[in-house]
Amino acid sequence: MNPAPLLFAFIMLGLMWFVVIAPQQKRLKAHNEVVAGLAVGVAVVTTSGLCGTIRALDEEWAELEIADGLTVRFDRRAIGVVLDPSDTPDASPADATPPEPSLDEQETNAMPTTDHPDVEV
C-alpha cells in the first residue's frame, strides 16, 4: 500500500485548517471580545451598517439610539464595530465651512451661454 495518498490528504487537511478554519476562529474570538466589552454610551456600528449609541444593555439585547429620541433594539451579536470617540465627527462644528465645489460641479452649475449657435437660452 502506497502511503502517499494518505499523506497528501493529511497535508491538505492541515493546509485547509491554517487557511480557512484558524483565521475564522480568530475573527470569532475577537468579535466575542467586542460584544463582551460593550457598555452604555458607546458609539457602535451594527453588522447591517446602522450607526448608533448604546442606551441600554442586557445579556442578549442592546438598545441603540440612532436619532434623538429614537431607539431600536438589536441582538448584541449584531454589533459589528465599536467606534473610537476620536473617529466620530462632531455633529455641529462651530467653525465648519462648506467645502468648495469641484470643477465638475462648477461646470454643472454654470449658466449656459449664447456663444454656441446650437444653444438656445
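Here are the numbers for the structure shown:
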| item | result |
| --- | --- |
| Condition met for VAL40 (outside any helix (DSSP H, G or I), more than 18 Å from the chain's Cα centre (by Cα) and modelled with pLDDT of 90 or more) | yes |
| Residue satisfying condition, being modelled with pLDDT of 90 or more and of a type in the set (S, T, N, Q), within set THR47, THR88 | THR47 |
| Close pairs (8 angstrom Cβ cut-off, 6 or more residues apart or separate chains): at pLDDT 90 or above in region 3-29, surrounded by 10 or more Cβ atoms within 10 Å (Cβ to Cβ) and among the hydroxyl-bearing types (Ser, Thr, Tyr) anywhere | none |
| Selected residue [at pLDDT below 65, over 16 Å from the mean Cα position of the chain (by Cα) and acidic (Asp, Glu)] from GLU59, GLU33, GLU107, GLU65 | GLU107 |
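The values are calculated or read from the model by the stated rules, or taken from the named source; none is laboratory data. Remember, predicted model here, so these are calculated numbers, not experimental data. Here Cβ is always computed from backbone atoms with ideal geometry, including for glycine, and neighbour counts include all displayed protein chains.
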